[in-house]
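Written out below as C-alpha cells is the structure these notes cover.
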C-alpha cells in the first residue's frame, strides 16, 4: 500500500470511441489501485463526439469534460488542468493499450522512485494491431529521436505513460497535436528519472483517428524544430537546482570514505594531468589507489615523483604494482587494496573536475542506486585529431549512442556506465562479483549487467564529467582501437551470452553482405552490380550527411573532410575485428 502520494488521475482523450471507451474503462482495475492506497478519478476529455462516448463514459463512473478545441495534446492539457491527482496516467480510449497494466506502471514509478514511466508497445504487438506503414513510421521516428536527442527510446510514440504532477509542472510540452506524446517523453528523459516498460498492444476498437502519413511527417518535423529551438534546457533548471541543493546538503553531512582507483600501463604522456586533477577534488575523505600493470615507460617514475612532492598530510596516493594483463584485473587489485565505501574508477588518460566525486555521491544517497556515471568528453589538452576523432565517435553513426559517448542534459537511468567514469557503492560491486578478469573489452558492460541484476539502478548525471585524452591520435590508431573493440565485443559475447545482441553484429553483417555482392557482381553480373552500387552510394550519402551534421554541431568545418574517413575506418575496423573475435575467441 502506498500512502504518499494517495491521489491518482487517469486521463483519457476521446472522439467517437463509444465502443472502445467501454472496453477500456471496464478493464481498468480500480479496485486494485484503491487497494494500493490510491483515491482514483477517471477523466474522459471528449472532443465533441457525435456518438454515445460521453454517455457511456459517465455510466462507467468517469467524469467527462468537453474540449471543443482540436488536438491530442490540447485534450491532455485540459485534462491535466482539471485533474486532482498527484500521479497522472495517460491512456487512449480505443482499447489498444491494456488498462489492466496501469497498476504495474504505477508500482514501477513508486517503487523505483521514478518521475516518469512510459509503456512500449513494440515488443508485444498482437496480430493485426499495427500495419507495416505504422511500424515503419515508428521506426523512423524512434531513430530520429536517437539521432537528434541521444535518447534510446524503444517507443517514442506510445500513448500510455505515468507521470508525477510536480514533474509535469516542470516539463509540460508545448505541442497541442499528436507530437505532444513524443515531446513529453523527450523532455522527461532529458531532465528526470525515467523508465520504459513493455506492455501488450492490441487491435483498436472503432475507426482510426490518426492520419498515418500526414501525422507522421508532422511529428518528424516537430522533432527537428524541437531539437534546434534551443528551449529544451530551460526545463532542466529546476533539476539542476535540486542537484546543487543535494550537493550543498552533502557538504554539511559526514560523507562516506571514497577510494579512487586508477589502473595504468604506459601512460607517461597523460598520468600527471590525471593525478593532478584527482588531487584537486573537493571531497573530505578519499584515497587514490594507482594500480600499475607493468609499465615499460616513465609512468611509475612520474607517479613516484608526484607522490614525493606531496606534503605528508596531503598524501592520499598509494601505488600498487602488478603484472596484470587487463584493466579489469587492475581494477580488481585496486578494489582489494582499498577501503572506501564508495569506489570510483577513472583511467590514466582522463581528468576530472573538483566536484566530480561529490556530484556522484549526491546521487548515491538513494539506496537503490548502485552506480553513477556521466559524460566522457574530449580533453582540451589533447591533440587536435584526437579531440576531433573522439567528438566524431560521440555521434550515432559511429557509436550508436553508446553510453561512453552519451550526452544527456541531466540525470537519467541507464543500462551501463563506462569504467573510465564510474562511481559505485562498494557493496554493489562486491555483490556483482567484481570485474570479470578475463575480459579486455566490455568488462564494464558485464559488471553493470550483474549490478542491475542484483537489484540496483545505474544513473547518468551531466554533472559527473570526465575529460578524455583519447589514445586514437591517428587514423591508424583509430582502426586498431575499433578492431580491438570489435574483437573484444565478439569474444565477450561468445563467452558470456548476456553480452550478446544482434545490434552489435550489424556492421559485420553489412560488410559480409557487401563482400558477397561484390563476388556475385564479378562472377555473374546482371542486377548485382546495380544493387551493390546503390548500397555503396546510399552509404556514402549517409556518411556525408552525418559529416555535415557533426561539423555544424562542433562548429568545425574540417570535420566535413575528417568525419567521412573516421566513419569508414570505425565501421570497417569494428566489423573486421568482430569477425576476428568470433573466429579466434580473443583479442
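So is residue 60 over 26 Å from residue 134 (Cα atoms) and either within 33 Å of the chain's Cα centre (by Cα) or at pLDDT 90 or above (or both) or not? Don't jump to the end; show me each part of the working.
On the way: over 26 Å from residue 134 (Cα atoms): yes; either within 33 Å of the chain's Cα centre (by Cα) or at pLDDT 90 or above (or both): yes.
Yes: the conditions hold for residue 60.
Confirm whether residue 330 is at pLDDT 75 or above, outside any helix (DSSP H, G or I) and touching a strand residue (DSSP E or B) at 6+ places or on another chain (Cβ under 6 Å).
On the way: at pLDDT 75 or above: yes; outside any helix (DSSP H, G or I): no; touching a strand residue (DSSP E or B) at 6+ places or on another chain (Cβ under 6 Å): yes.
No.
It is to be established whether one or more residues within the range 526-544 are under 30 Å from residue 419 (Cα atoms), outside the structural domain of residue 349 (by TED's automatic domain parsing) and touching a residue at least 60 places away in the same chain (Cβ under 8 Å). Yes, the range 526-544 contains a residue that is under 30 Å from residue 419 (Cα atoms), outside the structural domain of residue 349 (by TED's automatic domain parsing) and touching a residue at least 60 places away in the same chain (Cβ under 8 Å).
I'm checking my understanding of the structure. Among residues of the range 285-299 that are part of a loop (DSSP other than H, G, I, E, B) and out of contact with any helix residue (DSSP H, G or I) (no Cβ under 6 Å at 6 or more places or on another chain), which one is nearest to residue 255 (Cα to Cα)? Don't jump to the end; show me each part of the working.
Restricting attention to the range 285-299, the residues satisfying the condition of being part of a loop (DSSP other than H, G, I, E, B) are 285, 293-298.
If we keep only those that are out of contact with any helix residue (DSSP H, G or I) (no Cβ under 6 Å at 6 or more places or on another chain) as well, we get 285, 294-298.
Working: 285: 7, 294: 34, 295: 34, 296: 38, 297: 37, 298: 35 Å.
By that ranking, first place goes to 285.
Within the range 524-542, identify whether any single residue is modelled with pLDDT under 90, closer than 30 Å to residue 415 by Cα and touching a helix residue (DSSP H, G or I) at 6+ places or on another chain (Cβ under 9 Å), and answer yes or no. So far as the range 524-542 goes, yes, one or more of its residues are modelled with pLDDT under 90, closer than 30 Å to residue 415 by Cα and touching a helix residue (DSSP H, G or I) at 6+ places or on another chain (Cβ under 9 Å). Within the range 94-145, the set of residues being without any contact (Cβ under 8 Å) to a residue 24 or more places away in the chain, within 19 Å of residue 182 (Cα to Cα) and surrounded by fewer than 16 Cβ atoms within 10 Å (Cβ to Cβ) comprises 135, 136, 139, 143.
Quick one: would you say residue 521 is farther than 20 Å from residue 373 by Cβ, touching a helix residue (DSSP H, G or I) at 6+ places or on another chain (Cβ under 8 Å), in contact (Cβ under 8 Å) with a residue 40 or more places away in the chain and not assigned by TED's automatic domain parsing to the domain that holds residue 370? Taking the combined requirement at face value, the residue does not satisfy it. The lone criterion from (1) modelled with pLDDT under 85; (2) in contact with a helix residue (DSSP H, G or I) (Cβ under 6 Å, 6 or more places away or on another chain); (3) assigned to a helix (DSSP H, G or I) left unmet by residue 272 is number (1).
Looking at the structure I just gave you, is residue 156 free of Cβ contacts under 8 Å to residues at least 40 places away in the same chain and either within 21 Å of residue 136 (Cβ to Cβ) or out of contact with any helix residue (DSSP H, G or I) (no Cβ under 8 Å at 6 or more places or on another chain) (or both)? Against the criterion (free of Cβ contacts under 8 Å to residues at least 40 places away in the same chain and either within 21 Å of residue 136 (Cβ to Cβ) or out of contact with any helix residue (DSSP H, G or I) (no Cβ under 8 Å at 6 or more places or on another chain) (or both)), residue 156 qualifies.
No other residue among 41, 55, 27, 17 is on the phi < 0 side of the Ramachandran plot, in the same structural domain as residue 169 (by TED's automatic domain parsing) and touching a strand residue (DSSP E or B) at 6+ places or on another chain (Cβ under 8 Å) apart from 41.
Could you tell me whether the range 458-470 includes any residue that is out of contact with any strand residue (DSSP E or B) (no Cβ under 7 Å at 6 or more places or on another chain) and either modelled with pLDDT of 85 or more or at positive phi (or both)? The answer is no, given that none of the residues of the range 458-470 is out of contact with any strand residue (DSSP E or B) (no Cβ under 7 Å at 6 or more places or on another chain) and either modelled with pLDDT of 85 or more or at positive phi (or both). Just to be sure, is residue 71 over 25 Å from the mean Cα position of the chain (by Cα), at negative phi and crowded, with 17+ Cβ neighbours inside 10 Å? No, not satisfied.
Residues that are surrounded by fewer than 19 Cβ atoms within 10 Å (Cβ to Cβ) and over 18 Å from residue 77 (Cα atoms) within the range 41-64 comprise 50, 51, 52, 55, 58, 59, 60, 61, listed in sequence order. Would you confirm whether or not the range 425-442 contains a residue that is outside the structural domain of residue 113 (by TED's automatic domain parsing), under 21 Å from residue 399 (Cα atoms), within 23 Å of the chain's Cα centre (by Cα) and at pLDDT 80 or above? Checked the range 425-442: no residue is outside the structural domain of residue 113 (by TED's automatic domain parsing), under 21 Å from residue 399 (Cα atoms), within 23 Å of the chain's Cα centre (by Cα) and at pLDDT 80 or above. Regarding residue 10, is this residue farther than 28 Å from residue 112 by Cα, touching a strand residue (DSSP E or B) at 6+ places or on another chain (Cβ under 7 Å) and modelled with pLDDT of 90 or more? In short, no.
Those residues that are part of a loop (DSSP other than H, G, I, E, B) and surrounded by fewer than 18 Cβ atoms within 10 Å (Cβ to Cβ), I need them from the range 5-35; list them, please. Show your work before the answer.
Our first condition is that a residue be part of a loop (DSSP other than H, G, I, E, B); within the range 5-35, this holds for 5-6, 15-17, 28-29.
If the condition is that a residue be part of a loop (DSSP other than H, G, I, E, B) and surrounded by fewer than 18 Cβ atoms within 10 Å (Cβ to Cβ), then 5, 6, 29 are the ones that fit.
Evaluated against (1) under 22 Å from residue 224 (Cα atoms); (2) out of contact with any helix residue (DSSP H, G or I) (no Cβ under 6 Å at 6 or more places or on another chain); (3) in a helix (DSSP H, G or I), residue 572 falls short on exactly one condition, (1).
Any residue in the range 545-552 that is on the phi > 0 side of the Ramachandran plot and either within 29 Å of the chain's Cα centre (by Cα) or in a helix (DSSP H, G or I) (or both)? It would help to see each step written out before you state the result.
So in the range 545-552, the residues on the phi > 0 side of the Ramachandran plot come out as none.
Scanning the range 545-552 turns up no residue that is on the phi > 0 side of the Ramachandran plot and either within 29 Å of the chain's Cα centre (by Cα) or in a helix (DSSP H, G or I) (or both).
In the set (1) in a helix (DSSP H, G or I); (2) surrounded by fewer than 23 Cβ atoms within 10 Å (Cβ to Cβ), the condition left unmet by residue 486 is number (2).
Going through the range 280-300 one residue at a time, which ones are surrounded by 18 or more Cβ atoms within 10 Å (Cβ to Cβ) and within 18 Å of residue 342 (Cβ to Cβ)? Hits for the range 280-300 are 281, 283, 286, 288, 289, 290, 291. For the range 478-499, the count of residues that are over 24 Å from the mean Cα position of the chain (by Cα) and over 26 Å from residue 447 (Cα atoms) is nonzero.
Please find, within the range 165-200, the residue that is farthest from residue 463 (Cα to Cα) out of those that are assigned to a helix (DSSP H, G or I) and touching a strand residue (DSSP E or B) at 6+ places or on another chain (Cβ under 7 Å).
Initial filter on the range 165-200 (assigned to a helix (DSSP H, G or I)): 165-171, 180-191.
Subsequent filtering for residues that are touching a strand residue (DSSP E or B) at 6+ places or on another chain (Cβ under 7 Å) retains 165, 167-168, 185, 188-189.
Values: 165: 25, 167: 20, 168: 23, 185: 21, 188: 18, 189: 16 Å.
Taking the candidates together, the pick is 165.
Of all residues in the range 429-444, those satisfying the criterion of being in a helix (DSSP H, G or I) and surrounded by fewer than 22 Cβ atoms within 10 Å (Cβ to Cβ) are 430, 431.
The values are calculated or read from the model by the stated rules, or taken from the named source; none is laboratory data. Bear in mind the structure is a predicted one, so any value in this text is a computation, not a measurement. A quick note on method: Cβ atoms are made from the backbone with ideal geometry, for glycine too, and the neighbour counts reach across all protein chains shown.
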